[in-house]
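**Q** To start, I am sharing the structure in question, which I have written as structure tokens.
The values are calculated or read from the model by the stated rules, or taken from the named source; none is laboratory data. Note that the coordinates shown come from a computational prediction; the quantities given were computed from them, not determined experimentally. Using ideal geometry, Cβ is built from the backbone for each residue, glycine included, and neighbour counts are taken over all protein chains shown.
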């Protein structure tokens, strides 16, 4: 017994010695991330509404990143001091001190008042990168399809990653689906029935312009641009079957990737190196994710979710660090849940992990945040759809929007310039 | 017009039976290719295998490319042809619906000026994007049989609405059965 107590004492002592004393490890889930304690008690403002709003947005962003928890100065591992002003312009001149005062850094910027929220988001991401050594997500935005309670048809919307600044992008009075960001651009592609049949359009949010980029006979859907921007992967039915194609962004040339007369392809997703595509087909009856390497067309890597006994697996998306998120049903869980797996040649080492709650809801349409930690998805309960953000390290889900209506098919941007 | 009325009556009768007998719960395994990859198996570049259409290199043997018909500039024909209904999560036309498709083929062959738009729909279960593809395949399944029965491919266009335009907005089996359908619209130039 004494030996056990001695071991526990040594373990606790070692923890105290080697961890940052003021950081807080949230217990209850073993792999949940360590939270950095941060204090803003020594930040002064000019008492303007804008300065108060700036700090509110910043603190909320840090809380949503789930890498930080705000505490009193006496228990904080990161002390922020300095000034925030918002008269005429918004400006901050802040000093950060951490590691018991052994490290410090200044943060300062001036921007126009109409960029107050953007400036606060940007500072939050700088804090996350500096203190948590992880990419932030506050400066990113989320596209989604929405149908307001009063609307018959869905439209494309966008909001900040904190669920604020919701903007309606399209007003077509027609069906539209599948919004997907174009990498590193303030632009996206989506499918619209604007002309009566599904056509893929590109929308530039800087110029508010829209161009048709695939309007073949039949279906044009699910377009996603490759990381190097040379290709679109999309689903077309021009041949008389539903197949995956690549379309060159340089000369519009088409390459057909599948020729499956009797099965249905959908939802292509690029790997971060642009060398593989995950997609869904139902050649064996139920829809399942497959992964295709593009150097060797038609070759299937045998490490899809079906290997693990999923009854269905759909809606794949790759993270920047090579993990695939998807929604699936298993024999023991007959509602769609969100799973994460790392596709490699060794199937047994990478079994999918469930990251959505087990409740009476279906969770669909997952999309990674650029911090490679959070996922936005659609939660469907009693046929009502809402957007929720999941934390793959175990913090509780949060509802993204508190608006009446149906909200679904989210797509999280990378860090975009605006 | 007499002929049209006759077809409409046949279709109405067939539809009642079909809705009664169409499966709605279990999944149906799609028939056809084993792996869904046609000829291009074993990692072989498909462009080096088999015959290639020089006008459009993306087309391969057995394809029946879609027509490009602009229905907005055509004249709709006022025929209420009852939809073809499907089972859950499948684009295989149920045997009980086949007589309806046969009657449709007879109509298209008899009325050579008709152009046909087949619109595929799904029930609300499953993901939105998958259902768009499934709706397209349902429309194409009807198209394939019409072509086999002698209707010229250039007279048929397909369209998918996925799950977005339910015939019945309910959230139950009875509504879903009506929503898994291929709707038929006729036009003349």
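**Q** I need the full set of residues from segment A:128-158 which are more than 15 Å from the chain's Cα centre (by Cα) and under 21 Å from residue A:321 (Cα atoms), in order please.
**A** A:128, A:129, A:130, A:131, A:132, A:133
**Q** Those residues that are within 11 Å of chain B (Cβ to nearest Cβ), outside any loop (DSSP other than H, G, I, E, B) and over 28 Å from residue A:171 (Cα atoms), I need them from segment A:236-263; list them, please.
**A** Hits for segment A:236-263 are A:243, A:244, A:245, A:246, A:254, A:255, A:256.
**Q** Moving on. Checking residue A:225 against (1) buried (at least 22 other Cβ atoms within 10 Å of the Cβ); (2) within 14 Å of another protein chain (Cβ to nearest Cβ); (3) on the phi < 0 side of the Ramachandran plot: exactly one of these is not met. Which one?
**A** For residue A:225, the failing item is (2).
**Q** Ok, one more. Hey, among the residues in segment B:112-139 that are part of a loop (DSSP other than H, G, I, E, B) and touching a residue at least 24 places away in the same chain (Cβ under 8 Å), which one's farthest from the other protein chains (Cβ to nearest Cβ)? Give the steps one after another, and end with the answer.
**A** Narrowing segment B:112-139 to residues part of a loop (DSSP other than H, G, I, E, B): B:112-114, B:122-127.
Among the residues that remain, those that are also touching a residue at least 24 places away in the same chain (Cβ under 8 Å) are: B:113-114, B:122-126.
Details: B:113: 21, B:114: 18, B:122: 11, B:123: 11, B:124: 7, B:125: 9, B:126: 8 Å.
Of everything passing the filter in segment B:112-139, B:113 is farthest from the other protein chains (Cβ to nearest Cβ).
**Q** Assess whether residue B:80 counts as being at the interface with another protein chain (Cβ under 8 Å from one of its Cβ atoms), in contact with a helix residue (DSSP H, G or I) (Cβ under 7 Å, 6 or more places away or on another chain) and surrounded by fewer than 20 Cβ atoms within 10 Å (Cβ to Cβ). Lay out the reasoning, then the answer.
**A** On the way: at the interface with another protein chain (Cβ under 8 Å from one of its Cβ atoms): no; in contact with a helix residue (DSSP H, G or I) (Cβ under 7 Å, 6 or more places away or on another chain): yes; surrounded by fewer than 20 Cβ atoms within 10 Å (Cβ to Cβ): yes.
Considered against the rule, which asks whether it is at the interface with another protein chain (Cβ under 8 Å from one of its Cβ atoms), in contact with a helix residue (DSSP H, G or I) (Cβ under 7 Å, 6 or more places away or on another chain) and surrounded by fewer than 20 Cβ atoms within 10 Å (Cβ to Cβ), residue B:80 comes out as no.
**Q** Restricting attention to segment A:367-379, does a residue exist that is in contact with a strand residue (DSSP E or B) (Cβ under 7 Å, 6 or more places away or on another chain), over 30 Å from residue A:206 (Cβ atoms) and modelled with pLDDT of 95 or more?
**A** Yes.
**Q** Just checking: which of the strands (runs of 3 or more DSSP E) contained wholly in segment A:130-235 hold 3 or more residues that are out of contact with any helix residue (DSSP H, G or I) (no Cβ under 6 Å at 6 or more places or on another chain) and in contact (Cβ under 8 Å) with a residue 24 or more places away in the chain?
**A** Values: elements: A:141-148, A:155-160, A:176-181, A:187-192, A:199-204, A:209-214, A:220-225.
Strands (runs of 3 or more DSSP E) meeting the threshold: A:141-148, A:155-160, A:176-181, A:187-192, A:220-225.
**Q** Looking at segment A:271-282 only, could you name the residues that are within 7 Å of another protein chain (Cβ to nearest Cβ) and either touching a residue at least 24 places away in the same chain (Cβ under 8 Å) or surrounded by fewer than 22 Cβ atoms within 10 Å (Cβ to Cβ) (or both)?
**A** A:280
**Q** Among A:198, A:217, which is touching a strand residue (DSSP E or B) at 6+ places or on another chain (Cβ under 6 Å) and within 14 Å of chain B (Cβ to nearest Cβ)? Walk me through how you get there before you give the answer.
**A** Numbers: A:217 fails: touching a strand residue (DSSP E or B) at 6+ places or on another chain (Cβ under 6 Å).
Result: A:198 is the single residue among A:198, A:217 that is touching a strand residue (DSSP E or B) at 6+ places or on another chain (Cβ under 6 Å) and within 14 Å of chain B (Cβ to nearest Cβ).
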